[in-house]
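> Input: one structure, supplied below.
Nothing in this text is a laboratory measurement; each read-out follows from the coordinates by a stated rule. Because the structure is predicted, anything quoted here is derived from the model rather than measured. Glycine also receives a Cβ, built like all others from the backbone with ideal geometry; neighbour counts cover every protein chain displayed.
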């Protein structure tokens, strides 16, 4: 038993020396998360089990508030954007209210946030960036120009 415990201790053996920072997941601190109340979540959505699984797959917390029919979603702005993109990519009409609700709750994005979103979507146009983030045309042009000159 002691031998098993010694083998499971974490030690650096040098096998992963070629690990790059780009391969590591993006870590977002907990203080940047926002809490959004979803009123009558299960009653408004068809195929709610699939939507709940997709939301949790994005790394968000989805909890029922007590014994009420309201739910609580805890996510950062990147996770919210992932959820909105997922809902818009699917053809389920009963999920669109959630995308609209999340867009209304989303914070305004900073320049760095817009650059991050544009880097994730290579080849994004100004109009696509405006549609995806609700930024102004001037902000979108500035971000696209900055990425083209890098």
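> Using a Förster distance of 35 Å, how high is the FRET efficiency between residue 119 and residue 44, based on the Cβ-Cβ distance and rounded to 0.05?
0.55
> Label points 7 Å out from Cα along the Cβ direction at residue 53 and residue 110: separation in nm?
3.7
> Put one equal scatterer on each alpha carbon of region 99-150, apply the Debye formula with no solvent term, and list log10 I(q)/I(0) at q = 0.12, 0.26 1/Å to two decimals.
-0.24, -1.01
> Still on this structure, I have one more. At q = 0.15, 0.18, 0.19 Å⁻¹, work out log10 I(q)/I(0) for region 33-105 with the Debye formula, treating every Cα as an identical point scatterer and leaving solvent out; two decimals please.
-0.42, -0.62, -0.70
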